[in-house]
Amino acid sequence: MKKIPYGRQSIDAKDINEVIKVLKSDWITQGPRIPEFEAALCQYTGAKYAVAVSSGTAALHIACLAAGIKKDDEVITSPITFVASANCILYCGAKPVFADIQKDTVNIDPRQIEKKVNKNTKAVIPVHFAGYPCDLDKIRNIARKHKLIIIEDAAHALGAEYKGSKIGSCKFSDMAIFSFHPVKSITTGEGGAVLTNNKDCYRKLLLLRNHGVTKERAELSGYDGPWYYEMRYLGFNYRITDFQAALGFSQLKKIDKFIKRRRFIASLYDKAFKNNPYFDIPIEKPSIRSAYHLYPIRLKDNLKAKRKRIFEALKAKGLLLQVHYIPVYSQPYYRKLGFKKGICPQAEDYYERVISIPIYCSLNISQLNKIINTILHIFKDFDQI
Ligand SMILES: *Cc1c(COP(=O)(O)O)cnc(C)c1O
């Protein structure tokens, strides 16, 4: 079998043509395609404002800065996520606090968030793991009670829905971030965005993306002439290019098709794997529509100790799988900061069982059948060892 990764992009001739058009134009960065892409993100999600940036990580960083997160603040996030969700807290000199996950959804558990709140807690960064929305209603109630800012890490969840609203609408949060890395719902190569409904926050995000510099008359403290600009924050160069925005705009037009395809693949897996004796599959509750960024399976007790060998056997058959994720706080860098094993027992147990199997739009039926049969075969073999 030709090697199959766990995720990859889908780029067609139209996407390529949009990029070429920009490359032949006068603007290749900070041109008209960026605001156009941002407007399309707002239209799709229902948020008022969007700021497109150079990566999802950059989006998290400026979202934390716009939220005013600073030294000695505490910010609560999930341990089962990519390191960027917690690193952005460290970038601000603040302290990441990990709240354990729910066993069924693998998302941060609102009850565990509340247990971790103290007088230094400033914000929560819930992560919609695998494209499955967190319990935003409950998280918002906790945030209101304790005056916390909510920044959704929606890197996996463009196209997901929670209680009838699109993730990214910021109906239950202050900001939401997306990533447009090639394995995510849509891609711009590298890229990301922050969405918000708050105008002041939006202005701050725009400045932080571009060195903290503004030319808006209303924001200036002085005025020397038409060339005049002011640096108001210590910002960054987190700009996205115009040709990436053109690619993003073209990709976003296909988002419904992309999510439909991911959901179709998930439904095939659900059918093939339901009630099997080897592993548990992802769930979906009634008010939720997952974007199925990932399809993580969880080994049952009797196979848990064999995960490494199962992973290797699947790899030998051409399935290049992944484990999402190693709990962030068990990374050496975090251990050096003083985080210890045992902080989040559910997350640690989940990590020992999980394997993500391939899910992306261009997988065809014959590949999917091969994946399903290979997996069932390998598990049967290992069950008997
Ligand atoms: C991909 C990802 C990011 C970071 O996005 P980049 O665009 O790669 O910087 C952040 N959080 C999560 C959960 C991700 O999966």
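Can you tell me which residue among SER173, SER185 is touching an Asp or Glu at 6+ places or on another chain (Cβ under 6 Å), small (Gly, Ala, Ser) and part of a loop (DSSP other than H, G, I, E, B)? Steps first, please.
Numbers: SER185 fails: touching an Asp or Glu at 6+ places or on another chain (Cβ under 6 Å).
Testing whether each residue is touching an Asp or Glu at 6+ places or on another chain (Cβ under 6 Å), small (Gly, Ala, Ser) and part of a loop (DSSP other than H, G, I, E, B) leaves just SER173.
Take the residues in the range 68-87 that are open to solvent by 10 Å² or more (accessible area, probe 1.4 Å) and in a loop (DSSP other than H, G, I, E, B); name whichever of them is nearest to the ligand (Cβ to nearest atom). Result: PHE82.
Specify the residue that is farthest from the ligand (Cβ to nearest atom); the eligible residues are those in the range 45-58 that are of a type outside the set (Ser, Thr, Tyr) and more than 21 Å from ILE139 (Cα to Cα). Can you show your working first?
In the first step, residues of the range 45-58 are kept if they are of a type outside the set (Ser, Thr, Tyr); the result is 46-48, 50-53, 56, 58.
Going one step further and asking which of them are more than 21 Å from ILE139 (Cα to Cα), we end up with 48, 50-53, 56, 58.
On the way: LYS48: 23, ALA50: 15, VAL51: 14, ALA52: 12, VAL53: 9, GLY56: 2, ALA58: 7 Å.
In this case the residue turns out to be LYS48.
This table checks each residue for (1) in contact with a Ser or Thr (Cβ under 6 Å, 6 or more places away or on another chain); (2) modelled with pLDDT of 95 or more; (3) outside the structural domain of LEU294 (by TED's automatic domain parsing); (4) over 19 Å from LEU205 (Cβ atoms).
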| position | (1), (2), (3), (4) |
| --- | --- |
| GLN9 | yes, yes, yes, yes |
| ALA13 | no, yes, yes, yes |
| LYS48 | no, yes, yes, no |
| VAL51 | no, yes, yes, no |
| SER55 | no, yes, yes, no |
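Considering the range 219-272, and only residues there that are farther than 20 Å from GLY189 by Cβ and in contact with a His (Cβ under 7 Å, 6 or more places away or on another chain), the residue that is most open to solvent (accessible area, probe 1.4 Å) turns out to be MET231.
So, ALA63, is that one within 14 Å of VAL124 (Cβ to Cβ) and of a type in the set (Gly, Ala, Ser) or not? Can you show your working first?
On the way: within 14 Å of VAL124 (Cβ to Cβ): yes; of a type in the set (Gly, Ala, Ser): yes.
In short, yes.
Taken together, the residues in the range 186-208 that are open to solvent by less than 10 Å² (accessible area, probe 1.4 Å) and under 15 Å from the mean Cα position of the chain (by Cα) amount to 8.
Rundown of residues vs (1) under 30 Å from LYS14 (Cβ atoms); (2) touching a His at 6+ places or on another chain (Cβ under 7 Å); (3) at pLDDT below 95, yes/no style:
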{"residue": "THR121", "(1), (2), (3)": "no, yes, no"}
{"residue": "VAL127", "(1), (2), (3)": "no, no, no"}
{"residue": "ILE167", "(1), (2), (3)": "yes, yes, no"}
{"residue": "PHE178", "(1), (2), (3)": "yes, no, no"}
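Per the conditions (1) among the hydroxyl-bearing types (Ser, Thr, Tyr); (2) more than 15 Å from the ligand (Cβ to nearest atom); (3) within 19 Å of ARG262 (Cβ to Cβ), the sole criterion not satisfied by THR196 is (3).
The values are calculated or read from the model by the stated rules, or taken from the named source; none is laboratory data. These numbers come from a predicted model, not from an experiment. Here Cβ is always computed from backbone atoms with ideal geometry, including for glycine, and neighbour counts include all displayed protein chains. For the accessible areas, the whole protein counts, side chains as well, though only heavy atoms, and no ligand, DNA or RNA atoms are used. Shrake-Rupley method; radii C 1.70, N 1.55, O 1.52, S 1.80 Å.
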